[in-house]
Amino acid sequence: MRRFLVAGNWKMNGDSAANAALVAGIIAGLEASDGVDVLVCPPYPYLAAVAAQVSDSSLLLGAQSVSEHTAGAFTGEVAPAMLQEIGCRYVIVGHSERRALYGETSEQVAAKFQAAQDAGLTPILCVGESLEEREAMATESVIAGQVAAVVAVSGVDAFASAVIAYEPVWAIGTGEVATPEQAQDAHFHIRGLLAAENADVAANLQILYGGSMKGENAPGLLSMPDIDGGLIGGASLKSADFLAIVNAGVEAVR
Ligand code: 13P
């Protein structure tokens with residue numbers, strides 16, 4: 001059975017005081033989160049402080065991006081081993097904001113995915129189509145290309161220790177959420193891409209939905225057979241909002 005994973009991508013938000021309050025609020029609500037893994041991904045400067053704060057709890061820690069290089073003259077970059085050393089277990093790779101705003105290519109994302117795994121981190125690979133691509137009926141081919149770039153470097157078996165997040169770009173930060181059926185179709189497609197090469201890996205892969213997910217729409221999304229959790233932006237910044245999604249996962253497990 002796949003466990004649910006509810007992950008908060010804080011993006012470039014927060015400060016020391018707000019983060020401490022947010023994490024304390026999440027941890028306080030975790031006692032009732034049986035069967036659901038819960039993860040936060042703060043900005044780099046706060047990772048060490050949050051690592052210390054979560055150390056006695058079940059709250060998991062991840063980062064929002066990572067270098068594809070191991071060390072050296074890469075000003076401003078952060079190596080996978082550095083994240084691993086300070087307590088991160090996960091790292092997001094290929095978020096659409098990284099792809100669109102910072103020009104990350106699918107080949108670069110694939111290199112980051114492999115570098116993360118080499119350092120013992122679990123990559124959360126983000127895939128998803130833009131509005132233009134959806135309207136051009138290209139959703140499945142866009143996703144297939146994004147997944148294929150990683151498979152070409154790491155192979156399908158690498159997804160035994162990875163997570164995929166389906167994040168339709170048109171639903172990110174817009175308030176416009178994919179319907180459960182639209183998301184399910186995409187998740188089913190993603191699982192099928194991997195199942196064609198390794199049925200076990202595909203069956204065990206956690207596939208998260210991301211894009212304007214909130215407490216109100218989470219129950220419908222999480223009731224779908226191929227949706228195994230969420231990657232949450234805006235609603236991960238308040239503990240009550242985030243815990244509402246965690247609780248929707250707890251209810252869906254039952
Ligand atoms: P929102 O939940 O704010 O739409 O962001 C989703 C996202 O990009 C998570 O990575």
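The values are calculated or read from the model by the stated rules, or taken from the named source; none is laboratory data. The structure displayed is predicted, hence computed values, not measured ones. For neighbour counting, all protein chains shown are included, and Cβ atoms are generated from backbone atoms with ideal geometry for every residue, glycine included.
Filter region 224-254 down to the residues that are without any contact (Cβ under 8 Å) to a residue 60 or more places away in the chain and under 20 Å from Val23 (Cβ atoms), then identify the one that is nearest to the ligand (Cβ to nearest atom).
That would be Ala235.
Would you be able to tell me the number of residues in region 117-146 that are out of contact with any Asp or Glu (no Cβ under 6 Å at 6 or more places or on another chain) and within 21 Å of Glu181 (Cα to Cα)?
Number of matching residues: 15.
If the Cβ limit is 9 Å and pairs must be 6+ apart or interchain, which residue in region 28-56 that is at negative phi and surrounded by 19 or more Cβ atoms within 10 Å (Cβ to Cβ) pairs with which residue that is acidic (Asp, Glu) and not in a helix (DSSP H, G or I)?
Tyr46/Asp15
Which numbered condition in (1) under 15 Å from the mean Cα position of the chain (by Cα); (2) of a type in the set (A, V, I, L, M); (3) surrounded by 20 or more Cβ atoms within 10 Å (Cβ to Cβ) is the only one that Leu60 fails?
(3)
Identify all residues within region 59-81 that are among the polar types (S, T, N, Q) and over 14 Å from Cys41 (Cβ atoms); write none if there are none.
Quick first cut of region 59-81, residues among the polar types (S, T, N, Q) only: 64-65, 67, 70, 75.
Within region 59-81, Ser67, Thr70, Thr75 meet the criteria.
Within region 171-223, which helices (runs of 4 or more DSSP H) (wholly inside it) include 2 or more residues that are modelled with pLDDT of 95 or more and within 15 Å of the ligand (Cβ to nearest atom)? Spell out how you get there, then give the answer.
Details: elements: 180-195, 199-204, 218-222.
Where helices (runs of 4 or more DSSP H) fall fully within region 171-223 and carry at least 2 residues being modelled with pLDDT of 95 or more and within 15 Å of the ligand (Cβ to nearest atom), they are 180-195, 218-222.
Can you name the condition, by its number, that Gly87 falls short on among (1) out of contact with any strand residue (DSSP E or B) (no Cβ under 6 Å at 6 or more places or on another chain); (2) farther than 23 Å from Gly128 by Cβ?
Condition (1) is where Gly87 drops out.
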